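What follows is a set of notes on a single structure, which appears directly below.
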Ligand SMILES: [Ca+2]
Ligand SMILES: [Ca+2]
Ligand SMILES: [Ca+2]
Ligand SMILES: [Ca+2]
């Protein structure tokens with residue numbers, strides 16, 4: 001949390017600087033005669049300025065220039081209000097809803113008002129050819145000769161003329177390594193990832209997929225050079241009608257594929273990046289966000305050979321915003337060491353200068369998570385990043401190899417104003433992707449162009465779990481759950497992306513549900529539900545509801561939960577033995593945006609059996625019963641090996657555990673053994689630990705976790721298949737608050753894959769109660785259609801202890 005404040009400070013600075021930058025965009029002539037009091041719209045008119053260097057060009061040479069206007073031709077407040085209404089109408093409902101995440105009720109402003117048509121016509125009358133219009137920058141890009149832009153400069157509404165700058169697409173650094181990667185055969189995954197399994201495991205995507213977080217419902221905008229839509233990896237996107245829109249910003253048409261007149265490689269780079277983010281081909285390739293919707297922008301300028309230009313990027317970002325995209329993934333950027341005339345240099349990479357950087361921050365301000373490549377210039381040393389990776393609000397992406405070591409080419413931070421970059425990293429060496437030269441083939445490629453779509457896909461996965469998180473919350477979750485979040489630097493940034501961990505992180509401003517689901521519910525008694533629900537933005541107290549049913553259907557009854565401080569409580573009517581209760585919690589922030597618990601409800605929901613006192617967790621709906629703690633606490637759900645279903649718990653879901661780790665997963669809510677006879681713990685596990693050097697422990701506490709007692713012997717060495725372990729918990733009989741934890745302790749060298757635990761059960765009989773068979777009970781969570789439950793039937797017992805039903809949920 002140390003960095004949350006920093007992030008907010010940065011965000012505040014952006015808004016302020018954008019306000020300052022764009023407050024210059026008004027025409028004093030038009031406004032000073034009217035009673036518009038907004039100082040944001042009023043500045044003295046500046047003389048038109050032509051960038052030095054442009055004036056010295058040969059008179060016949062056409063140059064691509066920016067023409068920035070002084071104003072938008074708004075002369076009074078009623079015109080302004082009309083223009084703002086019109087601007088609002090140009091945004092889709094989806095875009096407006098997304099903007100509400102970051103802008104509240106202030107959904108549109110001066111920047112959204114279209115360019116004045118009359119100004120454009122006057123520019124065209126000089127002989128210049130208009131290319132793009134930018135509302136945000138109140139300018140147009142155009143091709144013009146020196147005599148033409150001298151005429152343009154004399155127009156009264158022209159504020160400034162600049163050369164449009166080129167952006168390296170990283171295309172020439174991409175190396176294809178045909179042959180593809182090794183297939184990791186893993187029968188535990190629901191999906192047949194093929195060779196792409198390892199790059200997805202490295203950023204911990206598979207557990208998110210198993211929970212149904214696959215980018216569904218999220219629109220991702222790819223800005224790139226062109227896309228071979230006929231590739232097999234895109235077939236399901238096309239067939240499902242998940243390609244919503246495309247635009248060719250070069251030729252001004254609706255086809256972003258390779259076309260007549262294009263260089264042969266025109267669509268290669270985009271085919272690599274799009275397939276890495278969202279491709280789907282069983283046994284070959286899955287992108288993290290393989291269920292997302294897409295819009296494609298073709299932004300390469302053919303005439304400038306493998307470079308896009310900043311006006312294309314800005315036009316693409318405005319287009320993505322207006323349609324309603326939630327993510328932009330762009331593996332493009334400005335190469336700062338290209339010292340052409342009028343180009344940017346390092347001092348311009350201060351987060352507030354280049355057009356693409358400002359456009360990227362504006363996209364973020366409008367609610368879009370922008371993932372952008374760091375660049376492939378790492379050998380140039382510190383500060384080798386490319387714009388817009390210098391932007392404050394974007395997620396800048398570095399590249400690593402198979403083992404997580406930084407790629408030699410991955411550009412380094414800091415920004416010119418000394419902010420740490422990149423944000424996070426992913427595989428950019430030998431990344432598996434579609435082969436642009438073979439529409440049913442697959443290959444590997446390298447570059448931060450390839451790590452960026454893996455992280456862009458992770459952002460879409462996070463948003464599919466948390467659709468109301470804003471871009472800064474997505475960014476914070478990615479950074480603070482990456483593996484170097486405690487020691488960020490300008491090489492690795494905050495470290496390796498961890499998509500599944502990010503989903504369970506609580507960024508500043510999001511709702512924190514402090515709730516462990518009921519382990520069981522007592523029959524013939526109302527079922528108490530109580531949760532602590534907090535948000536730094538405030539909670540709309542009357543919005544907090546419990547939705548429940550007892551038939552597993554999609555129809556729920558709603559109960560408004562009663563507020564008491566930060567605690568919200570209600571009761572579900574009593575049920576009889578063996579009934580099942582399905583439920584989730586809904587709450588709104590004070591700004592009206594809702595969040596649900598468990599994440600992904602109502603598709604994911606808590607399931608509690610009306611049963612004998614017991615604890616059963618097959619981990620199939622996530623780690624909701626468990627809290628993590630300790631040094632380097634990497635614990636989380638894993639899909640790599642499971643005993644039941646698709647998920648287990650592991651000390652290191654992303655690969656190997658770390659050196660000098662001492663961490664644990666501990667029950668959130670204690671069990672009462674007050675009247676328990678013969679409590680017994682059982683679980684299934686497998687492990688790979690450095691023998692006699694690294695150990696795992698099972699421990700119990702009866703004092704709220706202050707002191708821990710070892711249960712059984714320490715475990716070390718290797719056990720490559722799941723086996724059942726059972727322990728009597730007699731030492732803890734009579735305790736009112738038994739807590740269980742699983743702990744890893746590693747020494748200072750040599751790491752292995754670690755420990756996997758599944759199907760954890762604690763059963764006991766109750767003193768003085770006559771026995772009857774306890775039927776097999778499903779785990780307290782399950783997903784619709786999950787696997788049969790493997791729990792053994794418990795023993796004995798009836799239920800007669802109403803006292804034990806009143807389990808408190810306050811944590
Ligand atoms: Ca086209
Ligand atoms: Ca399981
Ligand atoms: Ca070790
Ligand atoms: Ca592991």
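The values are calculated or read from the model by the stated rules, or taken from the named source; none is laboratory data. Being a predicted model, the structure only gives us computed values, none of them experimental. Positions of Cβ are generated from backbone atoms using ideal geometry, with glycine treated the same way; all protein chains shown enter the neighbour counts.
A few remarks follow.
- Test: residue in region 589-605 that is in a strand (DSSP E or B), farther than 19 Å from residue 538 by Cα and away from ligand 4 (no atom under 16 Å from the Cβ): no
- Just one of the listed residues (706, 644, 682) is more than 29 Å from residue 495 (Cβ to Cβ), within 16 Å of ligand 2 (Cβ to nearest atom) and not in a strand (DSSP E or B), and it is 644.
- Picking from residues in region 654-669 that are in contact with a strand residue (DSSP E or B) (Cβ under 6 Å, 6 or more places away or on another chain) and farther than 23 Å from residue 486 by Cβ, the one that is nearest to ligand 1 (Cβ to nearest atom) is 668.
- The single condition from (1) surrounded by fewer than 22 Cβ atoms within 10 Å (Cβ to Cβ); (2) assigned to a helix (DSSP H, G or I) that residue 519 fails is (2).
- Some residue of region 655-678 being within 16 Å of ligand 4 (Cβ to nearest atom) and either touching a helix residue (DSSP H, G or I) at 6+ places or on another chain (Cβ under 8 Å) or assigned by TED's automatic domain parsing to the domain that holds residue 495 (or both): yes
Conditions tested, residue by residue: (1) within 23 Å of the chain's Cα centre (by Cα); (2) part of a strand (DSSP E or B); (3) in contact (Cβ under 8 Å) with a residue 40 or more places away in the chain.
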site	(1), (2), (3)
616	no, yes, yes
621	yes, no, yes
640	yes, no, yes
660	no, no, yes
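- Verdict on residue 532 being more than 16 Å from ligand 1 (Cβ to nearest atom), assigned to a strand (DSSP E or B), under 29 Å from the mean Cα position of the chain (by Cα) and surrounded by fewer than 18 Cβ atoms within 10 Å (Cβ to Cβ): yes
- Residue satisfying condition, being in contact with a helix residue (DSSP H, G or I) (Cβ under 6 Å, 6 or more places away or on another chain) and within 16 Å of ligand 4 (Cβ to nearest atom), within set 647, 619: 647
- Single residue of region 239-253 satisfying the filter (within 9 Å of ligand 1 (Cβ to nearest atom) and within 24 Å of residue 215 (Cβ to Cβ)) that is surrounded by the most Cβ atoms within 10 Å (Cβ to Cβ): 247
- Total residues in region 727-762, condition surrounded by 19 or more Cβ atoms within 10 Å (Cβ to Cβ) and assigned to a strand (DSSP E or B): 17
- The criterion of being in contact (Cβ under 8 Å) with a residue 12 or more places away in the chain and surrounded by fewer than 17 Cβ atoms within 10 Å (Cβ to Cβ) holds for residue 283.
- Looking only at residues of region 623-638 that are outside any strand (DSSP E or B) and within 16 Å of ligand 4 (Cβ to nearest atom), we find that the one that is surrounded by the most Cβ atoms within 10 Å (Cβ to Cβ) is 635.
- Counting only residues that are in contact with a strand residue (DSSP E or B) (Cβ under 7 Å, 6 or more places away or on another chain) and more than 16 Å from ligand 3 (Cβ to nearest atom), region 641-653 holds 9 of them.
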